[in-house]
Every structure is written in C-alpha cells, then in structure tokens.
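A short write-up of the structure that comes next.
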Amino acid sequence: MLDIKLIREKPDFVVERLSSRGAKDARAVIDKIIDFDKKRREFAVKCDNFKSEVNRWAKEIGKLKAQGKDVTDLTARSKELGGMITELDTLVATHSAQLEEAMLLVPNLPHESVPIGKDSAGNSEVRRWGEAPKFEFSPKAHWDIGEQLGILDFARAAKISGSGFILYKGAGARLERALINWLLDLHTREHGFTEVFPPFLINRNAMIGTGQLPKFEEDMYRLRDEDMYLAPTAEVPVANIHREEILREDQLPIYYCAYTPCFRREAGAAGKQTRGMIRVHQFDKVELIKFVKPETSYDELEKMTVNAERVLQLLGLHYRVVLLCTGDVGFASAKTYDIEVWAPGQNAYLEVSSCSNCEDFQARRANIRFKGADGKNRFVHILNGSGTALARLYVAVLETYQQADGSVKIPEVLLPYMGGLKEIRPS
RNA sequence: GGAGAGGUGGCUGAGUGGUUGAAAGCGACGGUCUUGAAAACCGUUAGAUGCGCAAGCGUCUCGGGGGUUCGAAUCCCUCCCUCUCCGCCA
C-alpha cells in the first residue's frame, strides 16, 4: 500500500510513476483516492468535534450526578448529539472503506533505477554467468529425459490431479528432495538465513498483507469451507511472520529462508506452453525473505540476488540476470531482478528466481514496523527472492547434465545428498 | 466436535458502568549521587489518526466487530485466539 500522505502531497509524481508501469487509469484512480480521503477527513473532523462535546458532557454528568443534581437537560443534549454522531460515523466509515478498497488495488511505485518499459521487451540484462553447454548430440527436453529414465510421470500425475502436476519417482524424487535440502543448507550455512517451516494454508489477512489479495484472487487456490488459500509462495507466510509487530532496531536485518510447495492456478495461462514442468500448478521452492531498515534495502537486494545466483554457479548452470522494467515489475515490488537459467532442451532461458525489494509496500499492509533510535516507529522494508524455484531448476539440471546415452549426471554439490548415486540411468 | 476458563500497556498484574489511556511491580531510558559502577532517590516510558506555521488541542484503540447507555476495559451479542477436560485422530 502506498503512503496516503505521499498521494496527498505529490499526486502528480504518484500518477507519473504508476503510469510508467502501464497503469492507464492512474490519474482517475488517484483523483478518486484523493477525493475519498478529503471527504473522509471532512466528516471525521465534524464527527470528532461532536464526540469531543459529548465526552465533555458525559464527564460533567458524572460529577453532577455524584452531587445528586438533576441532569435531564444535559442527557437530552447528549442524545441529540449522539444522533448526529451516528450519522457522521456512518459517512466516515463508508468513505474509509472506499478509500481502503481503492488503496489496496494500487500497485507499488517503481524505483527510480528501474528502466522505463512497456513489457518484458523493456527489461535489461545486467550480467551473464558461464556459457550455454555444447552437446555432441541433440539435447533432449526434460520430459523425454525424465520419462525415459522413469523418474518423471506426467500421465499418472494427471490421473491423480490433472494437467500441470508432476509425479517424481525413484531417483527423480530423491533428486527433488536433494535439491531442497541442499538449497536450505546453502542459505542457512553460508548466507546467514534462518530456516523456517511455515504453514501452507494462509488466511485472508496474510494474503492481503503481501499483496496477493484482493487483486489476484483468481490466481489462488481457495478452500471451499474456510476462508483460506493455498500458499502461492513462501513469501506470503514468511513475510507475515511479523504482521502487526513493532521490531527492535537491533533485531534488523532479519533473514529467513523457507521451503514450501507453491500452488498456483495459472488462470489465464491457457494456451501458453504447458508441456513438461515449466509451468505447473504445484512446484517446490526455497524462498529468501528479508526484513531490513529502509536505508539498507537496495544493498540488501543486491546481496540477495547474489545469494540466489550462487545456487546456479554451484550447480554449474549457465544463467543471466535481468532487471525488470517498469512495465514488468510485480504488483508489490519497487525493483526486481529475475534470474534466468539456461535450459538446453528448450533452447531458452527459464525464470528460476525473482528477487524483489518491496520497500514498505507490504510492511504498510501488514503493519510491520521497527522502533528507531529516535524512538519513532517506521515501516521496515521487505524483500523476497526465490533461492530458487525448483521445477525449472530441475529442468535445467536434467537438460544440462544429460548424456548421449540418455543418462543424467548428478552435479557435484548434490552428491552428498544423493546417497551415493552419481548418475541416473534407466532402471 | 462437546463442556469449561481466559484474552488489559515491553512483561507481570489490578481494575464489574462515571475525570481509568488505564493502579502497582518489573524492565527500559534520562537525571542526581559516584573516580567509574552498583545501590538509593527523582523523572520519563503505547499506538494510530485529524486540525494547526507552531505551541498545542481533539478523536480512536484494554483480542476483532457490533449493541445497550448521557457515559463501557467493565453490561449484552458475535467472531477469533489461548488454556483445561472429554471425544476423534497422525
């Protein structure tokens, strides 16, 4: 959520920044918000004045009654005021609700360092690591590799759930588990993150806190009998750990990492390439989340991105880092780096990480603050980054480490996690 | 799921309708004293929001929401959460 004061004081700036994201109706939305805000305050001032008067009478009545005096006139006056207060309270409430509703739908403002652009074509590559591997043979796609090795079974996954789900088997299941464990170990042992294992079912308030709701309801899996959602990313439960809290300054920065499965309906993705495990309804992910002081958040974003890149470097996978342009950054983010790994069987880069600085956008929604040295409470900045998403990482591993005979070598760093298995061959 | 007991400031814990936004203790911060520290003593110590150039003033908040009343932390309704017992279950 944006700061209403910023909107009041610099509406043109806000409209300009929102428009840079491609919001066509930014002017109208901001005008509407300013109007709600203004009216709400006008009603609230009137209402507060009446309340003040009623409070004064109430105290007076108390005193007089204690003295045994007659208070009929005063109670009559108070009742009269009470009626007006009820009326004004209703007006304040409806305007507040409308304001809130509008505010929750406004995305974050892109940071000044973000390139202006309309869509992903406007993104800029910041760096590249390694090279696309060369093969003596024509590299296969992971769905062929996986099915021939008997480690991935899309048909049976569909039987259980539907399309867009994965059944890992044997060494394939082991590989998924190895990746999860290795990622958690890497980030906790070498990058200073504290491991957490959060709930996967999320209530409405938490979903609002990180920005999934109310705008992206259709993207989420929702329970039928309770007002709960399946976590679309660990960012949601983990960023909400400190909801409604005031942290001590010396607690910051806080680094958390968490493994969770991620559930996404991918509504609207029909027609896009859906073969294999590149776009699925359930995938595993190890997520990095930071709570930091505002003045450090952009340094922290760089560090977090480097931490995520390390995953690919250690696995020996070629990748590039892309800075998203204004038209492509996510709803809650002010600045985002995507990391895209090379998948030889696809002859394409696949997004496996998205590292974002949400600044105080989520902290405002979730009301997460810290008490500064001056005693003032300020909103923390919240960052999140995939470290990394598994299904696509798995694709890159299979396709990069495939051999001419159809087997797949296990990357060096995963060997301790694979129980002695050095390569996966058809069983 | 059933029955019961609870949810008060950073913490412990008073408070069953009238200057209670809230006693007291602890903790924290500042000061006095001290070479320094401790002890002792004195003082300060929630958040949000609005009006105002400011000083300051007002409103709201005792789990959330609603109600009764001139007036609610205190009474009523409802929801959430915690604890105990029973049931069920991994």
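How do A:118-127, A:281-290 rank on mean C-beta neighbours within 10 Å, highest first?
On the way: A:118-127: 13.1, A:281-290: 24.2.
Peptide ranking by packing, descending: A:281-290, A:118-127.
Tell me, what is the percent relative contact order of region A:4-104, built from C-alpha pairs under 8 Å that lie six or more residues apart?
Details: 57 pairs, mean separation 35.8, N = 101.
35 percent.
Can you order the peptides A:371-377, A:82-88, A:387-393 by their average number of other Cβ atoms within 10 Å per residue, highest first? Write down the numbers at each step before the final one.
Values: A:371-377: 9.6, A:82-88: 14.6, A:387-393: 25.6.
Top of the packing list down: A:387-393, A:82-88, A:371-377.
Which entries of A:LYS24/A:LYS293; A:LYS140/A:LYS169; A:LYS51/A:LYS371; A:LYS24/A:LYS335; A:LYS10/A:LYS32 have Cα-Cα distances beyond 23 Å here?
Numbers: A:LYS24/A:LYS293 33 Å; A:LYS140/A:LYS169 19 Å; A:LYS51/A:LYS371 32 Å; A:LYS24/A:LYS335 20 Å; A:LYS10/A:LYS32 15 Å.
Exceeds cut-off: A:LYS24/A:LYS293; A:LYS51/A:LYS371.
Where in region A:345-362 does the label zone of A:SER138 land, with the point 7 angstrom along Cα→C-beta and an amide N cut-off under 15 Å?
Residues A:345-347 qualify, since their backbone N sits under 15 Å from the label point.
Between the alpha-carbon centers of region A:310-359 and region A:221-280, tell me the distance in whole angstrom.
17
Quote the FRET efficiency, to the nearest 0.05, computed for A:LYS10 versus A:THR90 with a Förster distance R0 of 45 Å and r equal to the Cβ-Cβ distance. Numbers along the way, then the final one.
On the way: r = 31 Å, r/R0 = 0.70.
With R0 = 45 Å, the Cβ-Cβ based efficiency is 0.90.
When each pair of different Cα atoms in region A:324-427 is counted once in the 1/r mean, what is the Kirkwood radius in angstroms, to one decimal?
Numbers: mean 1/r = 0.0592 Å⁻¹.
So the Kirkwood estimate lands at 16.9 Å.
What fraction of the Cα pairs in chain A, stated in percent, has a spacing above 40 angstrom?
Values: 27058 of 90951 pairs.
Counting every Cα pair in chain A, those more than 40 Å apart make up 30 percent.
Within the set of other residues whose C-beta is less than 11 Å from the C-beta of A:PHE216, count the net charge using Lys and Arg as +1 and Asp and Glu as -1. Walk me through the numbers on the way to the answer.
Working: positive: A:LYS215, A:ARG264, A:ARG265; negative: A:GLU217, A:GLU218, A:ASP219.
Counting the neighbours of A:PHE216, the net charge comes to 0.
Enumerate the helices in chain A for which the Kyte-Doolittle hydropathy averages -1.0 or more and the C-alpha atoms extend at least 20 Å along the helix's axis, using complete DSSP H runs.
Correct list, ordered by number: A:26-66, A:72-104, A:171-190, A:297-315.
So for the pair A:LEU201, A:VAL306, with labels modelled 7 Å out along Cα→Cβ, what separation do we get in nm?
Each label point is offset 7 Å from its Cα along the Cβ direction, giving 4.2 nm.
For region A:218-291, what percent of Cα pairs sit more than 21 Å apart? Mind dumping the intermediate values first?
Details: 1150 of 2701 pairs.
Every Cα pair in region A:218-291 considered, those over 21 Å come to 43 percent.
A short reminder: the numbers here are calculations on the coordinates, not readings from a lab. Keep in mind it's a predicted model, so treat the numbers as computed, not measured. We place every Cβ from the backbone using ideal geometry, glycine too, and count neighbours over all the protein chains shown.
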